[in-house]
Each structure stands twice: as structure tokens, then as C-alpha cells.
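Student: Supplied in C-alpha cells, the structure appears directly below.
The values are calculated or read from the model by the stated rules, or taken from the named source; none is laboratory data. Predicted model, so just to flag it, every value in this text is computed and none were measured. Because the Cβ atoms are built from the backbone with ideal geometry, glycine has one as well, and the counts that use them run over all protein chains shown. With ligands, DNA and RNA removed, areas are computed over all heavy atoms of the protein, side chains included. Shrake-Rupley method; radii C 1.70, N 1.55, O 1.52, S 1.80 Å.
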Amino acid sequence: MVTIVFAHPWYGSFNKAILDTVISVLVKEKKEYKVIDLNKENFNPVMTEEELALYSKGQHKDPLVTKYQSMLRKTDEIIFIFPLWWFDTPAILKGFFDKVMLKNFAYIETSTGLKGQLTNIKSAKVITTGQSPRWYLKFIAGNLIQKTFINTTLKGIGITNAKWIYCGDVSKGAQEKREKFLQKLANSVLK
């Protein structure tokens, strides 16, 4: 099963067009999929004091965390779709990792560091949008998606095969560029 984690609050966004394209490809290929729409499901990314007390034990009380963990256990491919805000993930997606990827579910601690437990997820695609060109993100802004999100966070939970797909300059009126990106996504990237 493919799980899509979508982190954008506005259904009129280019990110929603990406989500629609991804779903249409999965339907066409007859792949089973589920969507975690963090904003529409009113996921609360803020960790409370009570939740923090449970966190170190790998526990929680949020029914959405239970739902998402159940979905992730059945997932063999995951697709993240989100905008880059301040060169990084939106807060709601960061909160998803903080609250869902708990000890003894997503990882265990060993003497040499974390050992990821979500090895059932064989591949990940990280589809992002932003204003900056890709070269700026990679060489000036610290390359946070590749270095932190993919190489550290995803790897830390056991996802070692991940690909970053980026569309920059999205608000500069380049409708043709957006359409080409969606076409490329549908024709080759998602295959």
C-alpha cells in the first residue's frame, strides 16, 4: 500500500494539484493508497505537557496517532507532499514526526544510535514546492530537505530509499512550468 502524507492547508494550492496528480497515477496503476491529510484531519502538531510525559515511554493518547501508526505499519511506499516554508517542512509535518514516530514504533535506541523500525516502507518520494531555485536550497540555504529530512529523519526511522522531487519558483506566474512539472510527475517520476 502507498501512503501519501499531505501537508498543505489550502485546497486551491499547487500542492493540491500535485496530490491530485499522484492519486490519478496510483488509480491508473491500480495501486492501493491512503491519504493522511494533516490539515483537513485537524492533526494537532503541538506537543502538550501530558503528551511529552508519555513521549519518553513511546506512548500517546491521540487517536490520530494510533490511526497513522496503523496505516504506516501496512505501508510499503510513502509519498510526502508539502511546501517549503522557511526552507524547511511546515510545522504540522514536523509535529507529525514528533508525535507519530515514537520510540518502539518508528525506532529503537541502540548503543550506536537509532535503529529504524519502519523497514516495511521500501521507498519514499518527497515532493516539495517553494519559491527558491533548487541550487539556492542546496548550496546556500543548507539543503535541509536532503540533509535533515531524508538523510537523517527518514533514515532514522528505517526509510533508506528516498528521492527528493522539487518544483521551485511556484508563485511567479509560471503556469506552464507547473503544468510541465505535473506532466513529468505523472509520466516518469511516479513510475
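Student: What pairs from Lys28/Lys138; Lys34/Lys163; Lys125/Lys184; Lys94/Lys180 go past 22 Å between their alpha carbons?
Tutor: Lys28/Lys138; Lys94/Lys180
Student: Under 20 °C and 1.002 mPa s, how fast does region 49-95 diffuse according to Stokes-Einstein, given a Kirkwood radius computed over C-alpha pairs? Answer in µm²/s, whole number.
Tutor: D = 166 µm²/s.
Student: Extension gain Arg73-Lys177, at 0.36 nm per residue separation less the Cα-Cα distance, in nm?
Tutor: 33.8 nm
Student: Still on this structure, please answer the following. If you filter region 72-109 for trypsin sites (Lys or Arg not before Pro), then keep DSSP loop positions with at most 16 other Cβ within 10 Å, what is left?
Tutor: Lys74
Student: How far is helix 63-73 tilted off the main Cα axis of the chain, in degrees rounded to 10, range 0 to 90?
Tutor: Roughly 70 degrees between the two axes.
Student: Also, I was wondering about something else. Taking every pair of Cα atoms in region 110-150, average 1/r, invert it to obtain the Kirkwood radius, and report Rg/Rh to two decimals.
Tutor: We get a ratio of 1.11 for region 110-150.
Student: So if I average 1/r over every pair of distinct C-alpha atoms in region 57-148 and take the inverse, what Kirkwood radius in Å does that give?
Tutor: 14.9 Å
Student: If the viscosity is 0.890 mPa s and the temperature 25 °C, what translational diffusion coefficient in µm²/s does Stokes-Einstein give for the chain when Rh comes from Kirkwood over Cα pairs?
Tutor: 142 µm²/s
Student: A follow-up question, please. Can you tell me the relative contact order of region 1-153? Whole percent, Cα pairs under 8 Å, sequence separation 6 or more.
Tutor: Normalised by residue count, the contact order of region 1-153 is 28 percent.
Student: What nm value, rounded to one decimal, do you get for the distance between Val46 and Asp98 when each label is placed 7 Å out toward the C-beta?
Tutor: 1.0 nm
Student: With a 1.4 Å probe and every protein chain kept in, tell me what percent of the accessible surface of region 45-191 is carbon plus sulfur.
Tutor: Whole-percent figure for carbon plus sulfur exposure: 54.
Student: Shifting gears a bit: Over the alpha-carbon set of region 126-191, divide Rg by the Kirkwood Rh and report the Rg/Rh ratio to two decimals.
Tutor: Radius of gyration over Kirkwood radius for region 126-191 works out to 1.02.
Student: Let me ask another. Show me the chymotrypsin sites (Phe, Trp or Tyr not before Pro) within region 84-191 that DSSP assigns to loop and that have at most 16 other Cβ atoms within 10 Å of their Cβ.
Tutor: Trp86, Phe87
Student: May I pose another question? Points 7 angstrom from Cα along the Cβ direction at Thr66 and Glu32: gap in nanometres?
Tutor: Between Thr66 and Glu32, the label points sit 2.2 nm apart.
Student: Please give the per residue volume of the convex hull enclosing the alpha carbon atoms of region 1-96, rounded to a whole number of Å³.
Tutor: It comes to 109 Å³ per residue, whole-number rounded.
Student: What does the accessible area per residue of the chain come to in Å², with a 1.4 Å probe and no ligands, DNA or RNA counted?
Tutor: 53 Å²
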